[in-house]
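Data first, discussion second: the structure below is written as structure tokens.
The values are calculated or read from the model by the stated rules, or taken from the named source; none is laboratory data. All values reported here derive from a predicted model rather than from experimental measurement. Note: ideal-geometry Cβ built from the backbone for every residue, glycine included; neighbour counts use all protein chains shown. The protein model used for the area step is the full one, side chains on, heavy atoms only, and it has no ligands, DNA or RNA in it. Shrake-Rupley method; radii C 1.70, N 1.55, O 1.52, S 1.80 Å.
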Amino acid sequence: MKITRFFSVLLISMLALALVTGCSKKPAEKEQSYALFMSHMTNAFTIEMSDAVKSKAAELGVKVTVYEAEKDVAKQISQIETAVQQGVSGIVIEPVSVDGVVPAIEAAKKAGVAVVVVNQKISKPEAADSFVGVENFDGGVLEMKTAAEAIGGKGNVAFLLGPMGSDAQIGRTNGYYEVLKSYPDIKVAFEQTANWRTDEALKIVENWLQTGTQLAAVVANNDGMALEALKAVEDAKLLGKVKIYGLDATPDALAAVKDGRLTATVSQSTTLQGTTAMETVNRIVKGESVEKEILVSFTLITKDNVDQFIK
């Protein structure tokens, strides 16, 4: 009888200890996961941006999954919806278009997901927690003003544009036309989108040159297209007669500037944008306050200062 009572007391004690231990045990913290949505991954700029986000995520000790939309807004929307359904904590998005992704971003926010837009703005900025990037209009102004001054304020120019409807295309091109208000003797002979595609850019510029129109400059929305314009100009033996301008400060563009072949490029601090965006979304998830808009600066790069930017 005493033995039975002893085991009963022991059993009760063990159960009580287990209950106390279980109650005092802290619940396991949810592992934070993040998603990066890139409009495409077909040039040096987007690759540098993605690498910067991944590098900062590794530094922070968090997981980030990268999605590529291939310039398809419907695909980017679907990718965002999938990530939200899978329980992602925060997202960084470089949007395909200024309008198309807004409903998906609003849905993500409604689901409690932190959202940071990077590089290219959306038409409804309040839908996201924060924007990290540049004022593309300012980049266009800097690029075009440099070109206008270099050609003496007169002559024919041609514009190579990014995907129509993207913030970079809209902002930079508007910047070009703002500058032209002060240069009535500069005429836009050609203007066409090459969709960030190098093959399209090459064919477009070849066609322009074959018309016999004398161009003083080709101004491109990014370096990838500018370098193909350069190739077309070189093939036509017009190097030195037609000045070429790009934007992004990619390694190939910097090398071409150093060689004196590409007239100038413009840096938009790509790596800084990516690392800041990842850091910002992580801070939001942790409950910290962040600025609604975090801007980095553009820098003009010519042969005079290119060595400062070559890694």
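Numbers for the structure displayed
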quantity	calculated
Selection status of ALA194, touching a strand residue (DSSP E or B) at 6+ places or on another chain (Cβ under 7 Å), open to solvent by less than 60 Å² (accessible area, probe 1.4 Å) and under 24 Å from GLU70 (Cβ atoms)	yes
Selection status of GLY260, of a type outside the set (A, V, I, L, M), assigned to a loop (DSSP other than H, G, I, E, B) and in contact (Cβ under 8 Å) with a residue 24 or more places away in the chain	yes
Breaking point among (1) open to solvent by 60 Å² or more (accessible area, probe 1.4 Å); (2) under 23 Å from LEU295 (Cβ atoms), for THR42	(2)
Residue within the range 205-226 that is modelled with pLDDT of 95 or more and in contact with a Lys or Arg (Cβ under 6 Å, 6 or more places away or on another chain) present	yes
Qualifying positions in the range 292-311 - under 19 Å from GLY171 (Cβ atoms) and of a type in the set (Ser, Thr, Tyr)	SER297, THR299
Selection within the range 112-171 - among the small types (Gly, Ala, Ser), assigned to a strand (DSSP E or B) and more than 27 Å from THR280 (Cα to Cα)	GLY155, ALA158
Given (1) of a type in the set (D, E, K, R); (2) out of contact with any helix residue (DSSP H, G or I) (no Cβ under 9 Å at 6 or more places or on another chain); (3) not in a helix (DSSP H, G or I), number of the condition GLU234 does not satisfy	(3)
Meets criteria (open to solvent by 10 Å² or more (accessible area, probe 1.4 Å), under 27 Å from VAL134 (Cα atoms) and touching a residue at least 24 places away in the same chain (Cβ under 8 Å)) for VAL157	no
Qualifying residue in the range 239-259 (condition: of a type in the set (Gly, Ala, Ser) and at pLDDT below 95)	yes
Out of ILE284, ILE244, sole residue that is open to solvent by less than 50 Å² (accessible area, probe 1.4 Å) and assigned to a strand (DSSP E or B)	ILE244
Of residues in the range 202-232 being over 17 Å from THR265 (Cα atoms) and of a type in the set (A, V, I, L, M), the one surrounded by the fewest Cβ atoms within 10 Å (Cβ to Cβ)	LEU202
Test: residue in the range 293-300 that is outside any loop (DSSP other than H, G, I, E, B), β-branched (Val, Ile, Thr) and farther than 18 Å from GLU149 by Cα	yes
Given (1) farther than 23 Å from ALA44 by Cα; (2) within 21 Å of the chain's Cα centre (by Cα); (3) of a type outside the set (A, V, I, L, M, F, W, C), number of the condition LYS241 does not satisfy	(2)
So SER130, is it open to solvent by less than 10 Å² (accessible area, probe 1.4 Å), among the small types (Gly, Ala, Ser) and at pLDDT below 95	no
Identity of the residue in the range 75-101, assigned to a helix (DSSP H, G or I) and in contact (Cβ under 8 Å) with a residue 24 or more places away in the chain, that ends up most open to solvent (accessible area, probe 1.4 Å)	GLU81
Among (1) among the hydroxyl-bearing types (Ser, Thr, Tyr); (2) open to solvent by 10 Å² or more (accessible area, probe 1.4 Å); (3) in contact with a Leu (Cβ under 8 Å, 6 or more places away or on another chain) - the single one THR265 does not satisfy	(2)
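Let's see how each residue does on (1) of a type in the set (S, T, N, Q); (2) free of Cβ contacts under 8 Å to residues at least 60 places away in the same chain:
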{"residue": "GLY175", "(1), (2)": "no, yes"}
{"residue": "GLN210", "(1), (2)": "yes, yes"}
{"residue": "LEU230", "(1), (2)": "no, yes"}
{"residue": "LYS241", "(1), (2)": "no, yes"}
{"residue": "THR250", "(1), (2)": "yes, no"}
